[in-house]
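One structure below.
The values are calculated or read from the model by the stated rules, or taken from the named source; none is laboratory data. Computed from a predicted structure; not experimentally measured. Heads up, the Cβs are rebuilt from the backbone with ideal geometry, glycines too, and the neighbour counts pull from every protein chain shown. Heads up: the accessible areas ignore ligands, DNA and RNA and are worked out on the full protein's heavy atoms, side chains in. Shrake-Rupley method; radii C 1.70, N 1.55, O 1.52, S 1.80 Å.
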Amino acid sequence: MAAILIARVRVDDPEGYNAYALKSKPAIEAFGGKFLARGGETAILEGEDNVTRVVLVEFPDMDTARKWYASEQYQEAKALRAPISEATFTIVEGT
């Protein structure tokens, strides 16, 4: 069953975040990930939120999503993101 990564990010340095985005894309694709949404316009319909970027990625399954996150390739990208943003990453089974 497919797994969807939901990344909710508050970006403090948009220029620096671009370097992360460029490095994370090949890591996602190496694990069969497919972007469903990547930082487009968002609208809060209920509640409060300080997130500036939402990314949705479909992976083949939960195990593959976990392996992607733990991979050396992604961890190198994450090292670029961590100091310039605050993020919550969640994976959920999809259909």
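Quick look at the numbers
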| item | result |
| --- | --- |
| Candidate set from region 9-47 (those that are closer than 17 Å to Ala79 by Cβ and part of a strand (DSSP E or B)); member that is most open to solvent (accessible area, probe 1.4 Å) | Val11 |
| Single residue of region 59-74 satisfying the filter (under 9 Å from Phe31 (Cβ atoms) and in a loop (DSSP other than H, G, I, E, B)) that is least open to solvent (accessible area, probe 1.4 Å) | Ser71 |
| Any chance Val51 is within 15 Å of Ala87 (Cα to Cα) and assigned to a loop (DSSP other than H, G, I, E, B) | yes |
| Filtered residues of region 1-35 (kept if farther than 21 Å from Glu58 by Cα, acidic (Asp, Glu) and without any contact (Cβ under 8 Å) to a residue 24 or more places away in the chain) | Glu15 |
